[in-house]
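As structure tokens, the structure follows; a few thoughts come after it.
The values are calculated or read from the model by the stated rules, or taken from the named source; none is laboratory data. In this text, all values refer to a predicted model and were calculated from it rather than measured experimentally. Neighbour counts are summed over all protein chains in view; Cβ atoms, including those assigned to glycine, are modelled from backbone coordinates with ideal geometry. Quick note on the areas: whole protein, heavy atoms, side chains included, nothing else; ligands and nucleic acids left out. Shrake-Rupley method; radii C 1.70, N 1.55, O 1.52, S 1.80 Å.
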There are 2 protein chains.
Amino acid sequence: MNLPPLVQSFVLHFGEMGSRWGISRTVGQIYALLYLSPVPLNADDMVEKLGFSRSNVSMGLKELQAWNLVRLQHVPGDRRDYFSTPDDLWTIVRTLAEERKKREVDPTLSVLRDLLMQNPSSEEERHAQARMRETHEMIELLTGWYDDVRRLETERLVQLLSLGAKVQKILEVKDRLFSLPGSRGRSDDTKERA
Amino acid sequence: MNLPPLVQSFVLHFGEMGSRWGISRTVGQIYALLYLSPVPLNADDMVEKLGFSRSNVSMGLKELQAWNLVRLQHVPGDRRDYFSTPDDLWTIVRTLAEERKKREVDPTLSVLRDLLMQNPSSEEERHAQARMRETHEMIELLTGWYDDVRRLETERLVQLLSLGAKVQKILEVKDRLFSLPGSRGRSDDTKERA
DNA sequence: ATGTAATTTCAGAAATTTCTGAAAGATGGA
DNA sequence: TCCATCTTTCAGAAATTTCTGAAATTACAT
């Protein structure tokens, strides 16, 4: 591996982390390298810096493209493909969330919906289905929230995240101000979503 | 595999999903089985229902215990170990988040902090460090938020999630009500966190 | 203590995933 | 067109992960 020490440590760490996620060590390293690079890199650059085979780099780049995580560009007068990551880290995070949802959450939701349609033919299956219904509801709640916040502009999103649980306080104020006495002040909020 | 069809489909699906996460197919299946089961199960039950070796089940249970995802219990007059998942799905989700943070995020933060302490010895390293700083900040923002909301009672958390991006609207109202003219109304919100 | 039932460990087998080199396929001049 | 350069594909090699059976360990009852 042919990299400045700081870069190398980062690249190695992300390789390891990569394998805890769905991606391979190689792909993790390629991405880390691109992420830190001040300029776009071509496949041979990566071969040279990371020290694995040309074909492995090719595979890795293909996978990163499937994840929408890299941009392919061209340098004038050079017909090799150059790759880079988006400059804005938020763009990367959003893409990551989107793609993971597509690969992991959506298929699960679809399986759950399918199983919930079927008729339980025993007490055991009835209980299992109840559990699945619960699971389905939680995932819908979570993805519903995600679907909402991903539409926010980054600045707004950051603001919201910085606030953390303090939103809670503001909600309480709002409840006190606008709810009818006796009401919990939630009905209209929760319904509107649908 | 010796399971009612509904249960089997669910178990198989979670086995596959499991391998997209850090856990093996086996572990995923064991957990899915426990999750759907109306009663606690012992290791032999699992061997019988899932059809893999006793030792594999033992390993799987050990891993699930390391993740804090199962409860070990005993039935009177039987000295085998029985396992179950928490009844409350939120408890499971919270544990999952906690453990994943511990395994994935915390080590990354620590590597980043370490690398940010070091002196860049080239323009390339300087640029890389800037990128790492950005990364570090984003992770801190995200985990800060997480740290905040995980303390909420479940009911409050659900309320917050149901609200989705509509909090934004309420914040705008609050800004209009309480900000000095010309101020963006953010300074106190963001500072208070520290 | 001794025996029995249950659990864990662990070395190697089996399966899966990752990686490579060689060959095939593109692409863009001359 | 042909040639040079770059990229992709793919079959098998290498590495890693998962799984098993046998042996070791633990825990409890007599």
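Restricting to segment A:139-194, count the residues that are modelled with pLDDT under 90, open to solvent by 40 Å² or more (accessible area, probe 1.4 Å) and not in a helix (DSSP H, G or I).
The number of residues fulfilling the criteria is 8.
Select from segment A:47-86 the residues that are of a type in the set (Gly, Ala, Ser) and under 21 Å from the mean Cα position of the chain (by Cα) and write down the one among them that is farthest from DNA strand D (Cβ to nearest atom).
A:Ser84
Which of the residues that make up segment B:35-51 are open to solvent by less than 50 Å² (accessible area, probe 1.4 Å) and either at pLDDT below 95 or not in a loop (DSSP other than H, G, I, E, B) (or both)?
Passing the criteria: B:Tyr35, B:Leu36, B:Leu41, B:Asn42, B:Ala43, B:Asp45, B:Met46, B:Val47, B:Lys49, B:Leu50.
Return only the number of the condition from (1) under 19 Å from the mean Cα position of the chain (by Cα); (2) within 7 Å of chain A (Cβ to nearest Cβ) that B:Tyr146 does not satisfy.
All conditions pass for B:Tyr146, except number (2).
If I filter segment B:1-26 down to residues being more than 18 Å from the chain's Cα centre (by Cα) and in a loop (DSSP other than H, G, I, E, B), which single residue comes out as farthest from the other protein chains (Cβ to nearest Cβ)?
Once the filter is applied, the top-ranked residue is B:Met1.
Which residue is farthest from the other protein chains (Cβ to nearest Cβ), if the candidates are limited to segment B:67-110 and must be open to solvent by 60 Å² or more (accessible area, probe 1.4 Å), over 16 Å from A:Arg20 (Cα atoms) and part of a helix (DSSP H, G or I)?
B:Arg94
Looking at A:Gly77, A:Gly60 in this structure, which one is within 16 Å of DNA strand C (Cβ to nearest atom) and at pLDDT below 95?
Going through A:Gly77, A:Gly60 in turn, the sole match is A:Gly77.
Looking only at residues that are charged (D, E, K, R) and touching a helix residue (DSSP H, G or I) at 6+ places or on another chain (Cβ under 7 Å) in segment B:40-57, which one is farthest from DNA strand C (Cβ to nearest atom)?
Restricting to residues being charged (D, E, K, R) and touching a helix residue (DSSP H, G or I) at 6+ places or on another chain (Cβ under 7 Å), the top hit is B:Lys49.
Is there a residue in segment A:90-102 that is in contact with a strand residue (DSSP E or B) (Cβ under 8 Å, 6 or more places away or on another chain) and more than 30 Å from B:Leu36 (Cβ to Cβ)?
Residues of segment A:90-102 in contact with a strand residue (DSSP E or B) (Cβ under 8 Å, 6 or more places away or on another chain): none.
There is no residue in segment A:90-102 that is in contact with a strand residue (DSSP E or B) (Cβ under 8 Å, 6 or more places away or on another chain) and more than 30 Å from B:Leu36 (Cβ to Cβ).
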